[in-house]
1. Has segment 93-100 got at least one residue that is in contact with a Phe, Trp or Tyr (Cβ under 8 Å, 6 or more places away or on another chain), free of Cβ contacts under 8 Å to residues at least 24 places away in the same chain and open to solvent by 60 Å² or more (accessible area, probe 1.4 Å)?
2. Across segment 1-38, what is the total count of residues that are more than 22 Å from Ala75 (Cβ to Cβ) and out of contact with any helix residue (DSSP H, G or I) (no Cβ under 7 Å at 6 or more places or on another chain)?
3. Could you tell me which residue of segment 3-43 is farthest from Ser84 (Cα to Cα), considering only residues that are part of a loop (DSSP other than H, G, I, E, B) and open to solvent by 90 Å² or more (accessible area, probe 1.4 Å)?
4. For residues that are over 16 Å from Gln13 (Cβ atoms), without any contact (Cβ under 8 Å) to a residue 40 or more places away in the chain and in a helix (DSSP H, G or I), tally how many sit in segment 44-76.
5. Filter segment 62-102 down to residues that are among the aromatic types (Phe, Trp, Tyr) and at pLDDT 80 or above and give me whichever is nearest to Thr46 (Cα to Cα).
6. State which residue is farthest from Glu9 (Cα to Cα) when the search covers only segment 77-90 and only residues that are exposed (fewer than 14 other Cβ atoms within 10 Å of the Cβ) and aliphatic (A, V, I, L, M).
Amino acid sequence: MKKKVRISEAESQVMEALWNKAPLTPDEIIAAVGPSNDWASGTVRTLITRLLRKKALVGSREPGGYLYRPLIARADYVQAESQSLLDRLFDGQVAPLVAHFA
């Protein structure tokens, strides 16, 4: 990930939907994440807006309607989150992490 973008757990649900199938319309994103999280459409739209501000996704008007695409690759996000966890809990060291699970 070029720039470290902090994505909340809720925002990551929207990103997962886009990583699984992009581009998506707002209604498709709402259908993908709203019911399983018991979120109203306004909540999902707020999450989309936050992700747009963070430059984690991009939206564009196209003939089929407004479509969103992720700007961050899932692999880059997982790498950054993993490193963050390692830094916070194990001082950036892999050995103590492995020892913890052993």
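The values are calculated or read from the model by the stated rules, or taken from the named source; none is laboratory data. As the structure is a computational prediction, the values presented were derived from the model and not from experiment. Positions of Cβ are backbone-derived with ideal geometry, glycine not excepted, and every protein chain shown enters the neighbour counts. The protein model used for the area step is the full one, side chains on, heavy atoms only, and it has no ligands, DNA or RNA in it. Shrake-Rupley method; radii C 1.70, N 1.55, O 1.52, S 1.80 Å.
1. Yes, that holds for at least one residue.
2. So the answer is 7.
3. Taking the candidates together, the pick is Asp38.
4. Within segment 44-76, residues that are over 16 Å from Gln13 (Cβ atoms), without any contact (Cβ under 8 Å) to a residue 40 or more places away in the chain and in a helix (DSSP H, G or I) number 2.
5. Among those that are among the aromatic types (Phe, Trp, Tyr) and at pLDDT 80 or above, it is Tyr68.
6. Ranking the candidates gives Leu89 first.
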